[in-house]
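Encoded as structure tokens, the structure appears first; notes follow it.
Each value in this text was obtained by applying a stated rule to the coordinates, not by laboratory testing. Because the structure is predicted, anything quoted here is derived from the model rather than measured. Every residue, glycine among them, receives a Cβ derived from its backbone with ideal geometry; neighbour counts consider all protein chains shown.
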Amino acid sequence: MKKLLEIDNLTVRFSGPDGVARAVNGVSYAVEAGQAVGVVGESGCGKTVTALSILRLIQPPGKISGGRILFEGTDLLTLSEEEMRKVRGAEIAMIFQEPMTALNPVFTIGDQIGEGIRLHRGVGKKEARQQAIEGLARVGVPDPAGRVDAYPHQLSGGLRQRAMIAMALALDPKLVVADEPTTALDVTIQAQILDLMNRMRVDTGAGFVLITHDLGVVAQTCDTVVVMYAGRVVESAPVGELFENPRHPYTRGLLASIPSRGKPGERLREIPGSVPSIFALPQGCPFHPRCPEVMERCRVEAPPPVAIGLATVECWLHV
Ligand code: SF4
């Protein structure tokens, strides 16, 4: 399969009065056309910062300080802002956790979905409005012809979320980066959105990066899982393999105590201890203060990534 996205050794820093925060520390993962990659890990592990980096949406004092983000072979980090604007929306779309981040309160839903359609497809206002209505219908918005003229504040949170998803998917992007896209939605609508995503993968060959806490979503939607901790990918593997045979103690901790893996709504478990501050990451393996299998070596030396079949793991137990 063709590599759609390749994140290679990405590093992101935030500078502030308290020092430099090491938010992302050499992250690498890839998405192939038609593939969905689930990114999991506790809050503050760099999942969202990595996702925002793909679209070059990191704001100062944040800065991408190293690595490459190859989209169909072109390093997005070398594009001008104008070139990048053409990529956003039409080629790569992002679905945010909070719809008001993406929706403009002073324009109707139809205007906002239609604007991108007019700009990128060169169609007239009437046709764009019609396509916006169809887009709203695709994500299960009831009475889409009526709702297309609503302003964001006139919709419920769930409908706003669906309007934003419709906007992101309207141009049939090649890659969709979705940050907890269905968390706020009820189970039926969530299933409908995931089904739509799955159909897009088959019909248009779109690739997905899906950041989620919901293991059911991962099991039902993703091909590969990337587990992040302290701004690093500590384990990645095909979804079945990761669930059956988690190798990294952090992954095992996340998956432990879940009675039946892969059921909708099953969220990652809290594990003892807390995520280290990105201002003061521990020496050696960043997980060592919480690891039940810590060894002397783990406290001084960070483990390198090791490939085991189709999986990759960063842990001295597997070197
Ligand atoms: Fe635990 Fe050591 Fe593996 Fe880190 S390298 S996860 S501390 S065993």
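If you count Lys pairs in the chain whose Cα atoms are under 16 Å apart, skipping same-chain pairs closer than 8 places in sequence, the total is 4. Adding -39500 (n - 2.57) for every DSSP H run of four residues or longer, then dividing by how many residues the chain holds, sets the calculated 222 nm ellipticity at -9500 deg cm²/dmol. Shape analysis of the chain yields a ratio of the Cα radius of gyration to the Kirkwood radius, Rg/Rh, of 0.98.
Out of all DSSP beta bridges with both ends in the range 119-272, state the antiparallel percent to the nearest 5.
60 percent
Inter-label distance, Arg121 to Met100: 3.0 nm, where each label sits 7 Å from its Cα along the C-beta direction. In this simple spin-label model, placing a label point 7 Å from the Cα along the Cα-to-Cβ direction at both Arg88 and Asn9 gives a separation of 2.8 nm.
Report Rg/Rh for the range 185-239, rounded to two decimals, where Rg is the Cα radius of gyration and Rh the Kirkwood radius.
1.01
Legend: P(r) of the range 169-319 from all alpha carbon pair distances, 10 Å bins from 0, whole percents, reading 10, 36, 33, 17, 4, 0.
In terms of other Cβ atoms within 10 Å, Ser15, Ser236 run from fewest to most in the order Ser15, Ser236.
Considering only DSSP beta bridges with both partners in the chain, what is the antiparallel share in %, to the nearest 5? Here the share of antiparallel DSSP bridges comes out near 65 percent.
Could you list Lys47, Lys126 in order of exposure, starting from the residue whose Cβ has the fewest other Cβ atoms within 10 Å?
Exposure proxy ranking, most exposed first: Lys126, Lys47.
Modelled spin labels at Glu296 and Ile308, positioned 7 Å past Cα toward Cβ, are 2.4 nm from each other. Here the Kirkwood formula puts the hydrodynamic radius of the range 37-123 at 15.0 Å, using every distinct Cα pair. Taking every C-alpha pair closer than 8 Å and separated by at least 6 residues, the mean separation divided by the residue count of the chain gives a relative contact order of 21 percent.
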